[in-house]
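Undergrad: Okay, handing you the structure first.
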Amino acid sequence: MTGLTIRPARPKDVDNIHAALVGIAETVGELHKMTSAPDDIRRDGFGPHAHFHTLIAEIDSTFAGMCLYFPIYSTWRGQPGAFVQDLFVSKDFRGMRIGERLLRHLARTVRDRGGGYIELQVDAGNLTAQRFYQRIGMERDTDHVY
């Protein structure tokens with residue numbers, strides 16, 4: 001895809017990250033449950049003790065999507081991985097495989113850091129997201145119920 005860039009988020013991306021989170025909450029009909037603000041994202045997503053990381057997708061310098069994740073570790077596997085908390089693609093850029101490319105970029109990042117897996121959860125009512133993850137080959141873990 002011409003003009004697509006995927007890069008780590010910078011503090012100047014906070015408003016886009018928060019707007020994406022609002023978009024996710026609206027999509028799943030739970031905006032009323034969202035209490036975070038841009039300042040929370042700024043405080044907790046950057047600096048030496050960041051609680052999460054975000055990959056930003058841009059097309060020709062325009063925000064197209066993001067993948068917000070945090071490092072995890074499997075004691076059973078004996079290796080690190082990443083937990084995808086939020087994946088979002090702006091409406092204008094859907095259908096362009098940006099979500100898939102964000103996840104593939106994250107997978108390479110995890111692998112390059114010695115990791116071997118990615119985990120995520122999908123809202124039970126978000127059938128579009130469930131179909132997306134199935135289409136790109138992510139497997140459902142039926143061993144865990146909580």
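The values are calculated or read from the model by the stated rules, or taken from the named source; none is laboratory data. Note that the structure is a prediction, hence the values are computed from the model and not measured. Note: ideal-geometry Cβ built from the backbone for every residue, glycine included; neighbour counts use all protein chains shown. Quick note on the areas: whole protein, heavy atoms, side chains included, nothing else; ligands and nucleic acids left out. Shrake-Rupley method; radii C 1.70, N 1.55, O 1.52, S 1.80 Å.
Undergrad: Criterion first (over 11 Å from the mean Cα position of the chain (by Cα), in a strand (DSSP E or B), within 25 Å of Arg10 (Cα to Cα) and charged (D, E, K, R)) does Glu119 satisfy it?
TA: So Glu119 does not fit the description; no.
Undergrad: For the range 1-20, what are the residues that are open to solvent by 80 Å² or more (accessible area, probe 1.4 Å), in a loop (DSSP other than H, G, I, E, B) and free of Cβ contacts under 8 Å to residues at least 60 places away in the same chain?
TA: Hits for the range 1-20 are Thr2, Arg10.
Undergrad: Here's something else I'd like to know. Limited to the range 88-141, what total is found for residues that are surrounded by 15 or more Cβ atoms within 10 Å (Cβ to Cβ) and among the acidic types (Asp, Glu)?
TA: Number satisfying all stated conditions: 1.
Undergrad: Suppose the filter is over 23 Å from Arg104 (Cα atoms) and outside any helix (DSSP H, G or I); does His49 pass it?
TA: Answer is yes for this residue.
Undergrad: So Gln85 ticks every box in (1) within 24 Å of Ala25 (Cα to Cα); (2) more than 10 Å from the chain's Cα centre (by Cα); (3) open to solvent by 70 Å² or more (accessible area, probe 1.4 Å) but one. Which box is left unticked?
TA: Of (1) within 24 Å of Ala25 (Cα to Cα); (2) more than 10 Å from the chain's Cα centre (by Cα); (3) open to solvent by 70 Å² or more (accessible area, probe 1.4 Å), only one is false for Gln85: (2).
Undergrad: What are the residue pairs meeting all of these: first residue in the range 21-48, first residue farther than 15 Å from Gln85 by Cα, second residue open to solvent by 80 Å² or more (accessible area, probe 1.4 Å), Cβ atoms under 7 Å, and 6 or more apart or on different chains?
TA: Filtered contacts from the range 21-48: Pro38/Asp15.
Undergrad: Also: Quickly run through the range 23-43 and pick out the residues that are touching a Ser or Thr at 6+ places or on another chain (Cβ under 9 Å) and surrounded by fewer than 19 Cβ atoms within 10 Å (Cβ to Cβ).
TA: Gly23, Thr27
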